[in-house]
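Okay, structure first, notes after.
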Amino acid sequence: MKKVLACIIAVLLLVSMMPVVHAEDATVYVSVSVDGKLEVAAQPLTVSDLCVDSILREAHKKFYSGGAEGYASGIDEAWNMFMINTAWGIAATPYVIINEATLAAGADVSYAKAGDNIILVTSSDPSVVPQVVSMTAKSDGENTTISALSWVLDFTTFTYKSSPVVGVEVTDGNGSTLGVTDATGSLNFAACPVAVINGLAAIPADGSSSATKLNAGAPEPGQPAEPAPEPAQPVAPPTGDVVYISVSVDGKLEVVAQPVGVSGSATVNDVLKMAHEQYYSDGADGYASGIDPTWNMFMISKAWGVEATPYVMVNGMPIGADPANPAAADTLTVVPGDNIIVSTSSNPMAAARAISMAAAVEGDNVTISALEWVLNFSSFTYSSNPLANANVVDADGNALGVTDAAGNLTIPVTAVAAIEGLAAIPADGRSNSKATNPPLQDPGDYVGILEGEGVTVHVTVSVGGKLEVAGQKVTVSKDAPTIENVIKETHKKWYPTGEGGFAAGIDPTWNMYMISKVWGVATTPYVLYNGTPLGADVSVPSSADTGKVVDGDQITVVVISMGQNIPVISMTQNGDNLLVKEWTLDTNTFTYDSKSYSNADIIDAATGAVLGKTDGTGKMKMPSCDSGVIAVPGLSAFAVKSDVQEFTPAETVFIPPALDYSLFGGKDGRSLLIILVFGLIMAIPMAVIIFVGGRREIKNKGVKHFKKTW
């Protein structure tokens, strides 16, 4: 036994005399960009743990005013993965760059090495995507070359794309200019301690950083930059049959209504390939298309070097906008004279704009029209509105004028007209895209059915909390007195472009009739028939295309865009009283509920004069006024007499009440307060019962006092 103990003691003594190996300290360089401002610029940080998560925590300890409390990371419950959720005191996941690239894995499993350049980028505004820039630097001791890349995260695939940072100023640590980056995103200059791209990134520029991988084509330190390539020789215009192509990238026109030769049964896909070969700097390499493995359908995956699916307009609309012709770019054939517009964005957070153009020549003048198209990603259907107040220029950028509310502009014939940065078209009659927007109409030009020869009703239109039409008379044919025709006739009479502001039909997603646009707003409105929403109960029609009206009916159309906090209000006569209700649609069951709209101002719809207020039941004595139409400001109107003279509604707009997010605020706050008070009241007898029972149990040695009673 003594021998065994002696051996153990000897081993322990040997172990205790062995040298202890500690992790070697290493120096990395840290930069922090917050809201486009550099808080830390390539400062050295000595660490013993090279895990990126540990490095960032140490950086906060050393450089952040709040220390390590400004940094938080761990397993995110929603994503079940490691994430940084707070950096520099901002509760948001930052971007982290090591040397020339963004972090490829979690910060908890990513490791740096001595000399690495680490950049952290974050934004305090959730709506702003910060610009992410990586920097590298290679130095020979006397001269340094830096390279910079801009990184963009595609939130659909969670992959990054990079491009050289071209034409930006580089400064030293004191703000003195070192130069401007070239076409490769690089700059050669005399070595200095730090190089900075203002507000975005920084790196040691004296050779101390291990981030030395330069961009392709960058000059070596001390070597002159490669001369700029000779400008490409102009391509001879194609002869024979042509179509016209325009390309907008990030709101800048790269190609302006240029011709592309076509022959046979060329498709849009063929034209786009040829356009890249003819006009894009890298030729056909800038374009990619084919069957997408995820969606199992033909898709364009890259255009003009941007890896994203672009909008492609052929003449007056995007491909796929016409349900009767659901062709794709690989099957839709072109004919000579077609006008094709491609619009794409390199930033996934900034969507490209889809603009179509038309040009109709009459004599020495041409009318230019523009529509802006919006894709509904829930139904994958398009809607359009006239592009009003748009600057129109010629091919050299000279101003030609501004489109009116109908998206139109008439000018002398010119070779090309362009919507600045977005779209272009030949404006001399060469293009097939000639279907211009309906022109603005003068209300005095309206010729409808005479009252007495049809069915006359009163119509109100509220758009976004503003009354556009208030209790006005509209007459429709006795042969087709439908609610849809009433709304169409209302557009013809009062909307600036007439019936062009209205659209309805069988919705391909729901396979049922739906109104898809009213007063130029692409949305399905609420339509009230004599104070009750269509479909709310059996007393009213279920659909505007089949529901019929009779003389004296009152139709109210309420247009509310997504995100607007605007109530749907009805006004009806209840005996000698006016009854005002608020209607709510349950989008889960598609049923309506109503309640009294109390304490509401009732005004003369023509003058805005206040006539009174509704009581707690939503009622008031039916008022009278000179115009014959009363209204709830901005929301609804009611004709109190049949003979109403035409007028423009008073300029009153509904202002949504501020939402109360306090504990006992909002519509459910009162109920919560009642529950809380009731709970506190009940807690008192419960506490007495528990106290008495507990004391009796102790006295009775554990026998439950209330056992027999319960």
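The values are calculated or read from the model by the stated rules, or taken from the named source; none is laboratory data. Bear in mind that the values here come from a model prediction, so they are computed numbers and not experimental data. Here the Cβ is made from the backbone with ideal geometry for all residues, glycine too, and neighbour counts use every protein chain on show. Heads up: the accessible areas ignore ligands, DNA and RNA and are worked out on the full protein's heavy atoms, side chains in. Shrake-Rupley method; radii C 1.70, N 1.55, O 1.52, S 1.80 Å.
Some points to look at:
- Note on GLU499: accessible area approximately 80 square angstrom, rounded to 10, probe 1.4 Å, nucleic acids and ligands left out.
- Kirkwood Rh, Cα atoms: Rg over Rh of the chain: 1.10
- The chain, relative contact order [Cα under 8 Å, separation at least 6], %: 6
- Listed residue (GLY316, ALA329, ILE75) projecting farthest to the positive dipole end of the chain, Cβ model: ILE75
- A simple rule links phi to the HN-Hα coupling: the Karplus curve 6.51 cos²θ - 1.76 cosθ + 1.60 with θ = phi - 60°, which for segment 548-562 gives 10, 10, 10, 3, x, 4, 10, 10, 10, 10, 10, 10, 10, 7, 4 Hz, with x for Gly and Pro.
- Theoretical gain in end-to-end length, VAL538 to SER124 [0.36 nm per residue, Cα-Cα removed]: 143.8 nm
- Across segment 456-468, computed HN-Hα scalar couplings (Karplus, 6.51 cos²θ - 1.76 cosθ + 1.60, θ = phi - 60°) run 10, 10, 9, 10, 10, 10, 10, 10, x, x, 10, 7, 8 Hz from first to last residue, x flagging Gly and Pro.
- Peptides 577-585, 115-123, ordered by how many other C-beta atoms sit within 10 Å of their residues on average, highest first, read 115-123, 577-585.
- Cross-link partners for LYS517 among the aspartates and glutamates, with Cα-Cα distance under 18 Å and sequence neighbours closer than 8 places in the same chain left out: ASP322, GLU372, GLU468, GLU484, GLU489, GLU499, ASP507, ASP545.
- Portion, in percent, of the accessible area of the chain that falls on carbon or sulfur, probe 1.4 Å: 55
- Restricting attention to segment 448-586, close to 80% of DSSP beta bridges with both partner residues there are antiparallel.
- Helix-only CD estimate at 222 nm, as mean residue ellipticity for the chain, using -39500 (n - 2.57) per DSSP H run (n ≥ 4): -4000 deg cm²/dmol
- Most to least packed among 70-79, 629-638, 347-356, 308-317 [average Cβ atoms within 10 Å]: 629-638, 308-317, 347-356, 70-79
- Around the Cα centre of segment 81-220, unit charges on the Cβ atoms of Lys, Arg, Asp and Glu (plus for the first two, minus for the last two) sum to a dipole of about 280 debye.
- For the chain, with +1 on Lys and Arg beta carbons and -1 on Asp and Glu, the positive-most of VAL361, GLY36, VAL52 along the dipole: VAL52
- For the chain, the membrane-span-like helix rule (DSSP H, alpha carbon extent of at least 27 Å along the helix axis, mean Kyte-Doolittle at least 0.0) picks out 669-699; this says nothing about an actual membrane.
- Student exercise, segment 298-456 dipole from Lys, Arg, Asp, Glu Cβ charges, in Debye to nearest 20: 600
- Taking only the alpha carbons of segment 394-472, we obtain Rg and Dmax values of 19.3, 57 Å in that order.
- Working from Cα pairs under 8 Å separated by at least six residues, relative contact order for segment 324-417 is 20 percent.
- Point-charge dipole on Cβ atoms (K/R +1, D/E -1) for segment 267-382, about Cα centre, debye to 20: 240
- Long-range amide H partners of ALA470 with built H, under 5 Å: VAL461
- The phi torsions of segment 592-600, fed into the Karplus equation with coefficients 6.51, -1.76 and 1.60 and a -60° offset, translate into couplings of 9, 10, 10, 8, 5, 9, 8, 6, 9 Hz, rounded to whole numbers, with Gly and Pro shown as x.
- Area accessible to solvent at PHE691, 1.4 Å probe radius, in Å²: 130
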